[in-house]
Amino acid sequence: VDGAEGEGASRGAEEVTGCSDRDRLTAELEFVQLLANPQYLLYLAQNKYFADEAFINYLRYLTYWREPQYAKLVIFPQCLFFLDQLQRKEFRDLLVNGTFIEWLHQQQYYFWCTHREDKPAGLTAKAEDAPPTQAN
């Protein structure tokens, strides 16, 4: 494909989507990374996004972020774990439960404390240090 044809295809895509390929990639990257935030997942669940088949299809489309050429752009890799989990209805159904959201957040924190290669000296997490969960 010569450069002129590539530019024409890009302009055509921009007319359909309303943004350049670069802008779309940036917006999708920002959205995918928001999925690493359990509170954002709660927001999506409470506002019934997971009941919208078009939104579920969009989440399915976004799985291309797992491919190495895209995954290398991700700063918060836990978002890819949650993107995978969001493909399962059982997981999406659990997200309306505040206790489950708190548990997810705690699991992220403990993973960060125990699995980071560059963690600060003295940073440790123990099960007994876990904050109590509140029942809904």
Considering residues of the range 27-54 that are without any contact (Cβ under 8 Å) to a residue 24 or more places away in the chain and under 24 Å from residue 112 (Cα atoms) only, the residue surrounded by the fewest Cβ atoms within 10 Å (Cβ to Cβ): 30
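Considering 33, 106, 39, 69, which residue is touching a His at 6+ places or on another chain (Cβ under 8 Å) and assigned to a helix (DSSP H, G or I)? Walk me through it before giving the result.
Numbers: 33 fails: touching a His at 6+ places or on another chain (Cβ under 8 Å); 106 fails: touching a His at 6+ places or on another chain (Cβ under 8 Å); 69 fails: touching a His at 6+ places or on another chain (Cβ under 8 Å).
The unique qualifying residue is 39.
Assess whether residue 103 counts as being closer than 17 Å to residue 36 by Cα, at pLDDT 90 or above and open to solvent by 100 Å² or more (accessible area, probe 1.4 Å).
yes
Specify which of the listed residues (108, 78) is within 30 Å of residue 24 (Cβ to Cβ) and at pLDDT below 90.
On the way: 78 fails: at pLDDT below 90.
Exactly one of 108, 78 is within 30 Å of residue 24 (Cβ to Cβ) and at pLDDT below 90, namely 108.
The values are calculated or read from the model by the stated rules, or taken from the named source; none is laboratory data. Keep in mind it's a predicted model, so treat the numbers as computed, not measured. All Cβ positions, even for glycine, are placed from backbone atoms using ideal geometry, and neighbour counts span all protein chains on display. Just so you know, the surface numbers come from the protein's heavy atoms only, side chains and all, with ligands and any DNA or RNA stripped out. Shrake-Rupley method; radii C 1.70, N 1.55, O 1.52, S 1.80 Å.
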